[in-house]
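A.B. asks: Got a structure here, written out as structure tokens. Questions coming.
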Amino acid sequence: MWLLVMFDLPTSEKEDIKAYSKFRTSLLREGFRMVQYSVYSRNTSDTGNQSLLKRVRNKIPDKGHVRLMSLTDQQYASVRVVIDKEEFSPEKSQNVFIF
């Protein structure tokens with residue numbers, strides 16, 4: 001099971017930047033990896049997915065948009081990543097960040 005966290009958080013005010021940074025840091029501490037800007041993923045067991053989902057929900061800042069998506073291993077494996085016209089599976093692309 002995979003949990004994807006996608007977010008758009010405001011960064012115009014100093015307090016917004018602090019909330020953004022705190023949320024992002026909480027994801028990293030939970031073992032999430034950046035897939036692309038503001039999109040993070042983590043593999044978890046079926047039973048652990050709900051408790052992880054609850055912990056992430058508790059860390060969501062007051063402002064902004066956050067989407068949480070649970071995917072099975074099969075669904076996650078069907079994702080295709082295209083970087084500069086070259087296609088990768090999600091596992092192969094996790095260490096490839098081109099911005």
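The values are calculated or read from the model by the stated rules, or taken from the named source; none is laboratory data. Remember, it's a predicted structure, so these values are computed and weren't measured experimentally. Here Cβ is always computed from backbone atoms with ideal geometry, including for glycine, and neighbour counts include all displayed protein chains.
A.B. asks: What's the number of the only condition in (1) under 10 Å from Leu3 (Cα atoms); (2) at pLDDT 90 or above; (3) surrounded by 13 or more Cβ atoms within 10 Å (Cβ to Cβ) that Gly64 fails to meet?
C.D. replies: Every listed condition holds for Gly64 apart from (1).
A.B. asks: Okay, moving on. With respect to Phe88, determine if the residue is out of contact with any strand residue (DSSP E or B) (no Cβ under 7 Å at 6 or more places or on another chain), farther than 23 Å from Asn49 by Cα and either modelled with pLDDT under 80 or among the aromatic types (Phe, Trp, Tyr) (or both). Walk me through it before giving the result.
C.D. replies: Working: out of contact with any strand residue (DSSP E or B) (no Cβ under 7 Å at 6 or more places or on another chain): no; farther than 23 Å from Asn49 by Cα: yes; either modelled with pLDDT under 80 or among the aromatic types (Phe, Trp, Tyr) (or both): yes.
So Phe88 does not fit the description; no.
A.B. asks: Now for a separate question. Please go through region 1-49 and pick out each residue that is surrounded by 14 or more Cβ atoms within 10 Å (Cβ to Cβ) and closer than 19 Å to Gln74 by Cβ.
C.D. replies: Answer for region 1-49, where residues must be surrounded by 14 or more Cβ atoms within 10 Å (Cβ to Cβ) and closer than 19 Å to Gln74 by Cβ: Met1, Trp2, Leu3, Leu4, Val35, Ser41, Arg42, Asn43, Thr44, Asn49.
A.B. asks: Still on this model: If you go through region 19-49, how many residues are without any contact (Cβ under 8 Å) to a residue 60 or more places away in the chain and more than 13 Å from Lys59 (Cα to Cα)? Walk me through it before giving the result.
C.D. replies: Of the residues in region 19-49, the ones without any contact (Cβ under 8 Å) to a residue 60 or more places away in the chain are 19-32, 35, 38-49.
When the remaining residues are screened for being more than 13 Å from Lys59 (Cα to Cα), the result is 31-32, 35, 38-49.
Adding up the residues that qualify gives 15.
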